[in-house]
1. When the residues of the range 75-126 are narrowed to those that are more than 19 Å from the chain's Cα centre (by Cα) and either assigned to a helix (DSSP H, G or I) or among the small types (Gly, Ala, Ser) (or both), which ends up nearest to Ile59 (Cα to Cα)?
2. Given the condition within 9 Å of the ligand (Cβ to nearest atom), in contact with a Cys (Cβ under 9 Å, 6 or more places away or on another chain) and on the phi < 0 side of the Ramachandran plot, answer yes or no: does some residue in the range 154-162 qualify?
3. Considering (1) touching a residue at least 12 places away in the same chain (Cβ under 8 Å); (2) more than 16 Å from the ligand (Cβ to nearest atom); (3) within 20 Å of Pro250 (Cβ to Cβ), say which one Gly217 fails and leave the rest.
4. I'd like the full set of residues that are open to solvent by 10 Å² or more (accessible area, probe 1.4 Å) and more than 26 Å from Ser261 (Cα to Cα), limited to the range 285-304.
5. Return yes or no: is Lys254 modelled with pLDDT of 95 or more, surrounded by fewer than 18 Cβ atoms within 10 Å (Cβ to Cβ) and not assigned by TED's automatic domain parsing to the domain that holds Pro54?
6. Please enumerate the residues belonging to the range 126-153 that are touching a Ser or Thr at 6+ places or on another chain (Cβ under 7 Å), within 12 Å of Ile188 (Cβ to Cβ) and more than 9 Å from the ligand (Cβ to nearest atom).
7. Scan Glu95, Glu63, Glu121 and give me the residue that is open to solvent by 40 Å² or more (accessible area, probe 1.4 Å), of a type outside the set (Gly, Ala, Ser) and touching a strand residue (DSSP E or B) at 6+ places or on another chain (Cβ under 8 Å).
8. Please indicate, with yes or no, whether at least one residue in the range 267-282 is hydrophobic (A, V, I, L, M, F, W, C), more than 20 Å from the chain's Cα centre (by Cα) and more than 26 Å from Tyr219 (Cα to Cα).
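The values are calculated or read from the model by the stated rules, or taken from the named source; none is laboratory data. The shown structure was predicted, so the numbers you read here are calculated from the model rather than taken from an experiment. Here the Cβ positions follow ideal geometry from the backbone for every residue, glycine too, while neighbour counts run over all protein chains shown. Only protein heavy atoms, including side chains, enter the accessible area calculation; ligands, DNA and RNA are left aside. Shrake-Rupley method; radii C 1.70, N 1.55, O 1.52, S 1.80 Å.
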Amino acid sequence: MAIEISRPGSWDVLKPCRRAVPLPGRGEVLVEVAAAGVNRPDVVQRQGLYTPPPGASDIPGLEIAGEIVVIGAGVTGLELGDTVCALVTGGGYAEYCIAAAPLCLPLPEGMDSVRAAALPETLFTVWSNVFDRGQLKSRERFLVHGGAGGIGTMAIQLAHNWGADVFATAGSAEKCRACRELGASMAINYREEDFVERVNVETGGQGVDLILDIIGGDYLQRNLNCLAVDGRLLQIAVQHGPKAAINVLPVMLKRLTLTGSVLRPRSIADKAVIADALRDKVWPGLAAGSIRPLIHATFPLAQAAQAHRLMEEGAHIGKIVLTVR
Ligand SMILES: NC(=O)c1ccc[n+]([C@@H]2O[C@H](COP(=O)([O-])OP(=O)(O)OC[C@H]3O[C@@H](n4cnc5c(N)ncnc54)[C@H](OP(=O)(O)O)[C@@H]3O)[C@@H](O)[C@H]2O)c1
């Protein structure tokens, strides 16, 4: 069984279907999926607003955990029967999914498939932005918007473990509490408070060194206004839209850097570099329990539509995962 997007639309267009089991090509493996993470980009794809990159499966799902059951030509370092979690370019909402061998990581010691399936999309995204592009340093101030979401809960933990001072925004008192429990020194309920004012008060007017933003639109100017000298803004989504008219003076006066990225269309080689960094720098923390995926809810694969409905209702804290077997 797999879940297909029967047509672009609301959560109820996700339908169980039968598809042939895919065969791995060179450098790929076939994974018998035990669990698959649900991510906001899956929702955007289902709405017809995010076309999968060329060659990607039309079945949604960007991250999986499971057992390797077929190994393609040219694959080294993986064995039949290995349990792995993997970043995939699509096809995760299914009993069987193809993964590129370099993007398969071992299940962290002591971790079950449900929690492991919640790791790849958030970890690859957060690592490549916050630590690679953004060059977060310990003791720097880091602000993450959407701190209680899948990306946010992982960004808070990684940055806190790195020794940064983490600020987060979130949409309720409960979500703000969760952000603080994960390591944020300050959580701002953006529905009640202006985050620019609060950041400037808390930092004595200095601002934060790095911002991870998923909002865009009207947030662009506000982010620039609360960045410190030599600050960096990382744009990874534009929930308030891709366009904004801005006053560029803060960029000049504070020598700011505006950058961003989208993970999915990047090459396997690019993603493999991120996978190596994660294995080295993050896997020990996952095994030790100092970094942990927060699971809000699980749904059987056949109920993927309900999982999307829950995500769109927006009350979740952390990740939603589909269980496949
Ligand atoms: N560029 C990339 O490579 C990449 C990769 C993965 C994901 N993404 C993007 O990253 C975003 C997060 O993904 P996700 O899977 O973590 O989704 P998610 O779990 O739904 O998290 C989004 C969070 O943002 C919060 N939020 C919404 N409006 C907000 C605002 N104005 N200020 C602060 N928080 C706000 C939401 O809760 P409240 O509304 O209650 O605050 C929710 O907790 C999505 O837009 C996704 O498309 C980008």
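1. Ala94
2. Looking for residues that are within 9 Å of the ligand (Cβ to nearest atom), in contact with a Cys (Cβ under 9 Å, 6 or more places away or on another chain) and on the phi < 0 side of the Ramachandran plot, one finds none in the range 154-162, hence no.
3. The single condition Gly217 does not satisfy is (2).
4. Ala287, Ala288, Gly289, Ser290, His296, Ala297, Thr298, Phe299, Pro300, Ala302, Gln303
5. Here the answer is yes, as Lys254 does meet what is asked.
6. Within the range 126-153, no residue meets the criteria.
7. Matching residue, one of Glu95, Glu63, Glu121: Glu95.
8. Looking for residues that are hydrophobic (A, V, I, L, M, F, W, C), more than 20 Å from the chain's Cα centre (by Cα) and more than 26 Å from Tyr219 (Cα to Cα), one finds none in the range 267-282, hence no.
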